[in-house]
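Structure record follows, encoded as structure tokens.
Values in this text are rule-based calculations from the coordinates and carry no lab data. Keep in mind the model is a prediction, meaning the values are calculated, not measured. Cβ sites come from the backbone with ideal geometry, for glycine too, and all protein chains shown count toward neighbours.
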Amino acid sequence: MLKLLAILPLGVLIGIVLGSLGSGGAILSLPILVYGAQLPVRQAVAVSQLVVGTAALVGTLLQARRGAVSWREVLIFGAAGIPATKLGSVLAERLDPHLLMIGFALVVVAAGAKMLWSADDHTVGRSRMSVAIGAGALVGVLTGLLGVGGGFLLVPALIAFGGLDSKRATATSLPVIAVNSLSGAVQQEAQWSAVLGLALSFLAATLVGTFIGVQLGRAASATKLKQALGLVLITVGCVVGAVNLF
């Protein structure tokens, strides 16, 4: 019970980040579930997929009401990501949990550095379908492998290769994250159903944060949010990497 109470505020934080930026929050769920709730890595990945996917689905509904979602890009990235998620899940079953966490740490540090580097970059690229499909597949693999939503790759990819501005890219990333994560959760049902009470409680906290995050994303500076999250991700990645290396 104490472990559950300790991680619930962090679930709210994940939802706030996911709802406001469309990226980054999902990355925080895996170390919280592994080190906070003390779940085995593969079970934590499955719970993360369920929680992140459902929270992203709720965020999608909130953003779609405002007409902010570009459904063409959702179809392109989602179609590439769903089969790739299965590939990531197969790889996760065959890899040592420590190697998974070290790989996770590298991805987190890279995501944090990317957010810091591009926090004030508002350049919009042109739509390039072939590159978009490749980016969607990469995000799917990461979702199946590490339980991350992949928004830190999706948002810049939607801007650079989907031709969207940052606000629409943030909104459009949510349904793609939802599709990828929930397809992975379906494949891993036995893992998260074994800790259903914890999973649903963590999900409820994340949904509360998602509602707050969507509202915050409309009013707050996206640049400041990205810079703060970038620093948090780099710190988390370094700590997780150190724990699993030493």
| message | Among the complete DSSP H segments of the chain, which ones combine at least 18 Å of alpha-carbon extent along their axis with a mean Kyte-Doolittle hydropathy of -1.0 or more? | response | 2-21, 41-64, 71-94, 97-117, 129-146, 166-187, 196-219, 222-245
| Once you mark the trypsin sites (Lys or Arg not before Pro) that are in a DSSP loop and have at most 15 other Cβ atoms within 10 Å, what is the longest gap between them in the chain? | 129-246
| query | Hey, in the GNM for the chain with a 10 angstrom Cα cutoff, which one of GLY197, GLY11, GLY78 fluctuates hardest? | reply | GLY197
| How large are Rg and Dmax for segment 155-246 when only the alpha carbon atoms are used, in Å? | 16.4, 43
| note | When the chain is treated as a Gaussian network with springs between alpha carbons less than 10 Å apart, the largest mean-square fluctuation among ALA46, ALA92, ALA56 is found at ALA92
| query | Counting only pairs 8 or more places apart or on different chains, how many lysine pairs in the chain have C-alpha atoms closer than 28 Å? | reply | 6
| query | Okay, helix-only estimate at 222 nm for the chain: each DSSP H run of n ≥ 4 adds -39500 (n - 2.57), divide by all residues, round to 500 deg cm²/dmol; what do you get? | reply | -27500 deg cm²/dmol
| Of VAL41, VAL51, LEU61, which is farthest on the positive side of the dipole of segment 37-108, counting Cα position, with +1 on Lys and Arg Cβ, -1 on Asp and Glu Cβ, and the Cα centre as origin? | LEU61
| query | P(r) of segment 21-77 in 10 Å steps, Cα pairs, percent per bin? | reply | 22, 42, 24, 12
| Distance histogram for the chain (every C-alpha pair counted, 10 angstrom bins, percent rounded to whole numbers) | 9, 36, 40, 14, 1
| request: In a Gaussian network model over the chain where Cα atoms closer than 10 Å are linked, find which of GLN38, GLN63, GLN49 has the largest mean-square fluctuation. | output: GLN38
| note | In Å, the Kirkwood hydrodynamic radius from C-alpha pairs for segment 1-106 sits at 15.2 Å
